[in-house]
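The values are calculated or read from the model by the stated rules, or taken from the named source; none is laboratory data. No experiment lies behind these values; they were computed from the predicted model shown. Neighbour counts run over all protein chains shown; Cβ positions are idealised from the backbone, glycine included.
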Amino acid sequence: MMLLSLIVTGVLAIAQSQRPADHIASIESLIRSQKYNQALADTQACLRTNAGDPRLWTLEGVIYSLMGDSHKGISTFEKALTLSPNFSPALKGEIQLLYPKRDQRAVPLLERLLKIDPNDETAHEMLAMLERKRGDCQAAVAQFMVSKNSVMDHPESLEGYGDCLVRLYQYQDAVPVFKKLADLLPNAVYPRYDLALVLFDAKQYEQALNVLEPIS
C-alpha cells in the first residue's frame, strides 16, 4: 500500500513537469481519498482522449491494484510500459504486484529499473530473492551484497542470503548473516541452530557449542 502511494506521488511529480496536469492531480486526489470507483471512471474518461499517456495507464494500474484486481493491474501497467518502457512508476507498480508471488516476470522489470537507478537497494534485494528462487545463488549473492543495508532488516532475505552462501560453501561469509538473523528473531530457535551449523562448517567449533548451549 505504501509503495503504491509512492507510485502515485511519482506519477504526479512527473505530471507537474508535463502540462497539462490538472486531470492527473484530480485523479491522484481521488485515489488518496480512497474514492477508487470515481478515480477509475475519471481515468478511463481521460484515456479516451489521451490513450498515449503512460501516466494515465499507470494511475489506472494503481487503482486496479488498490481495488484488489491484480490481473487488470498487471495488464494496465504493461500498457503503460509499452508506451514508455522505462517509465519507473509503471515498472514499480507491476513489480509490486508480481514480486509477492515470486513471479519470475518481475526479473526483467527489476533489471530495467536498476538500469535507471543502480542504487535502488530494494530492487537489488527483490532481484536477489528471485534469483535464489530459480536456483542461481551466484547471481543472488551478487545482488544481496549490494543491498546489505536493506537485507539486514528482513529475516526472509537474510535466510535467503545465508542459504545461498552455504550452498556456495562460503561459510565464513555466512556466519555474520546468520548471527544477524538470530539477533532479529531472538525468540525463535531455528536461527540459532542454523548459526551453529554454519559455525561448525566454518570450523569455529567452540563458538558453535556456545550458540547451542542455551538451546539444550
Pairs please, first residue from the stretch 188-216 and in the same structural domain as residue 156 (by TED's automatic domain parsing) and on the phi < 0 side of the Ramachandran plot, second anywhere and part of a helix (DSSP H, G or I) and of a type in the set (Phe, Trp, Tyr), Cβ atoms under 7 Å, 6+ apart in sequence or on different chains.
191/178; 194/178; 195/178; 198/171; 198/178; 201/171; 202/171; 208/200
Please work out if residue 65 is in the same structural domain as residue 101 (by TED's automatic domain parsing), out of contact with any Gly (no Cβ under 7 Å at 6 or more places or on another chain) and polar (S, T, N, Q).
no
Does residue 53 satisfy the condition of being in the same structural domain as residue 84 (by TED's automatic domain parsing) and closer than 22 Å to residue 86 by Cβ?
yes
Any residue in the stretch 135-144 that is of a type in the set (Phe, Trp, Tyr), in the same structural domain as residue 35 (by TED's automatic domain parsing) and either out of contact with any His (no Cβ under 7 Å at 6 or more places or on another chain) or assigned to a helix (DSSP H, G or I) (or both)?
no
Pairs returned, first residue in the stretch 94-109 that is assigned by TED's automatic domain parsing to the domain that holds residue 65, second residue that is of a type in the set (Lys, Arg), beta-carbon separation under 6 angstrom, 6 or more apart or interchain, are 98/105; 102/133
Tally the residues that are in contact (Cβ under 8 Å) with a residue 24 or more places away in the chain and buried (at least 20 other Cβ atoms within 10 Å of the Cβ), restricting the search to the stretch 54-73.
12
